[in-house]
1. Could you check the range 117-127 and list, in sequence order, the residues that are surrounded by fewer than 24 Cβ atoms within 10 Å (Cβ to Cβ) and farther than 15 Å from residue 155 by Cα?
2. Looking only at the range 179-205, which residues are touching a strand residue (DSSP E or B) at 6+ places or on another chain (Cβ under 9 Å), part of a loop (DSSP other than H, G, I, E, B) and over 22 Å from residue 116 (Cα atoms)?
3. Out of all the residues in the range 98-108, is one or more without any contact (Cβ under 8 Å) to a residue 24 or more places away in the chain, on the phi < 0 side of the Ramachandran plot and surrounded by 16 or more Cβ atoms within 10 Å (Cβ to Cβ)?
4. So is residue 188 surrounded by fewer than 22 Cβ atoms within 10 Å (Cβ to Cβ) and at pLDDT 95 or above or not?
5. Quick one: which residue in 231, 262, 266 is within 12 Å of residue 208 (Cα to Cα), crowded, with 20+ Cβ neighbours inside 10 Å, touching a helix residue (DSSP H, G or I) at 6+ places or on another chain (Cβ under 8 Å) and modelled with pLDDT of 95 or more?
6. Please enumerate the residues belonging to the range 273-310 that are in a loop (DSSP other than H, G, I, E, B), in contact (Cβ under 8 Å) with a residue 40 or more places away in the chain and closer than 18 Å to residue 247 by Cβ.
7. Taking only the range 129-152 into account, find how many residues are under 30 Å from residue 308 (Cβ atoms) and surrounded by fewer than 24 Cβ atoms within 10 Å (Cβ to Cβ).
8. Given the options 180, 224, name the one that is more than 30 Å from residue 140 (Cβ to Cβ) and surrounded by 19 or more Cβ atoms within 10 Å (Cβ to Cβ).
């Protein structure tokens with residue numbers, strides 16, 4: 001069974017399971033295998049499950065609702081998110097209090113549960129003061145519909161303002177060997193305030209596992225085909241050295257690149273709980289092996305240095321504009 005870690009005041013498994021790719025952004029869904037993967041994760045003690053209304057949209061929450069029926073809901077910590085305007089495509093952000101309340105009611109129904117263990121604001125809404133957002137979630141916590149409050153891709157200043165109104169349990173943001181933008185300001189703020197960090201895309205959308213493909217090699221429905229500049233053109237070639245180093249260290253330990261990438265995160269601090277995503281049991285089991293891998297100080301330093309010189313932004317400009325780094 002996986003060990004536990006504490007984020008804020010919430011105890012969770014040391015690794016979580018990102019469920020987005022089961023329904024969204026990474027090719028054709030396979031609900032039967034995805035549900036089997038969720039069940040296998042629970043059996044192995046990986047009980048921190050991450051979803052959002054926008055994944056699908058809606059179908060990922062519905063999938064989890066089905067997967068957790070029959071008593072399994074009580075075995076997991078369930079996280080979901082609000083904050084986007086959902087139409088035929090994403091149409092901006094919306095964190096008005098009435099919208100938050102409506103989303104929570106709909107998510108509870110899709111998830112077939114009476115409470116959300118950790119509710120994140122998916123992206124900061126510049127039109128709504130973060131104090132109003134935190135106050136709305138505080139009210140939902142008082143009603144028992146939500147247990148803990150989280151933010152995603154929020155700046156240090158936003159985190160501090162929210163935390164004064166309602167304790168922030170966790171920040172979910174991209175963080176990995178090759179994505180280090182949190183280190184200067186945000187991670188010190190989290191440490192100061194006792195807030196956990198939940199890194200998404202901890203495997204660099206597959207690139208750090210050594211199986212990464214060029215953007216144009218991904219299927220048209222795959223997020224990476226158009227939305228990951230690091231996989232495009234000369235950026236892909238330049239970044240290959242990072243994947244090569246991860247593989248070299250994995251070979252030296254008799255391990256796998258995925259485990260090395262996750263072990264690096266786990267050793268960055270006890271308040272860090274990565275949520276690698278997969279819809280396959282084989283990848284899940286490989287990922288969970290990271291908790292038994294200890295990297296040397298030299299390994300950590302080599303990975304630190306290699307990952308600090310990545311080629312290309314992590315998102316196109318339009319997506320980066322939605323990341324709160326003020």
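1. Residues satisfying the conditions are 117, 127.
2. Answer for the range 179-205, where residues must be touching a strand residue (DSSP E or B) at 6+ places or on another chain (Cβ under 9 Å), part of a loop (DSSP other than H, G, I, E, B) and over 22 Å from residue 116 (Cα atoms): 181, 182, 201, 202, 203, 204, 205.
3. Looking for residues that are without any contact (Cβ under 8 Å) to a residue 24 or more places away in the chain, on the phi < 0 side of the Ramachandran plot and surrounded by 16 or more Cβ atoms within 10 Å (Cβ to Cβ), one finds at least one in the range 98-108, hence yes.
4. Working: surrounded by fewer than 22 Cβ atoms within 10 Å (Cβ to Cβ): yes; at pLDDT 95 or above: yes.
Spelling it out, residue 188 is indeed surrounded by fewer than 22 Cβ atoms within 10 Å (Cβ to Cβ) and at pLDDT 95 or above.
5. 262
6. Of the residues in the range 273-310, the ones in a loop (DSSP other than H, G, I, E, B) are 273-276, 278-280, 293-296, 308-310.
Now restrict to residues that are in contact (Cβ under 8 Å) with a residue 40 or more places away in the chain: 273-276, 278-280, 293, 295, 308, 310.
Once the filter is applied, which keeps residues that are in a loop (DSSP other than H, G, I, E, B), in contact (Cβ under 8 Å) with a residue 40 or more places away in the chain and closer than 18 Å to residue 247 by Cβ, the range 273-310 yields 276, 293, 295, 310.
7. Selection size over the range 129-152: 1.
8. Numbers: 180 fails: surrounded by 19 or more Cβ atoms within 10 Å (Cβ to Cβ).
After ruling out the rest, the residue left standing is 224.
The values are calculated or read from the model by the stated rules, or taken from the named source; none is laboratory data. What you see is a predicted model, and the numbers here were worked out from it, not measured in a lab. Glycine also receives a Cβ, built like all others from the backbone with ideal geometry; neighbour counts cover every protein chain displayed.
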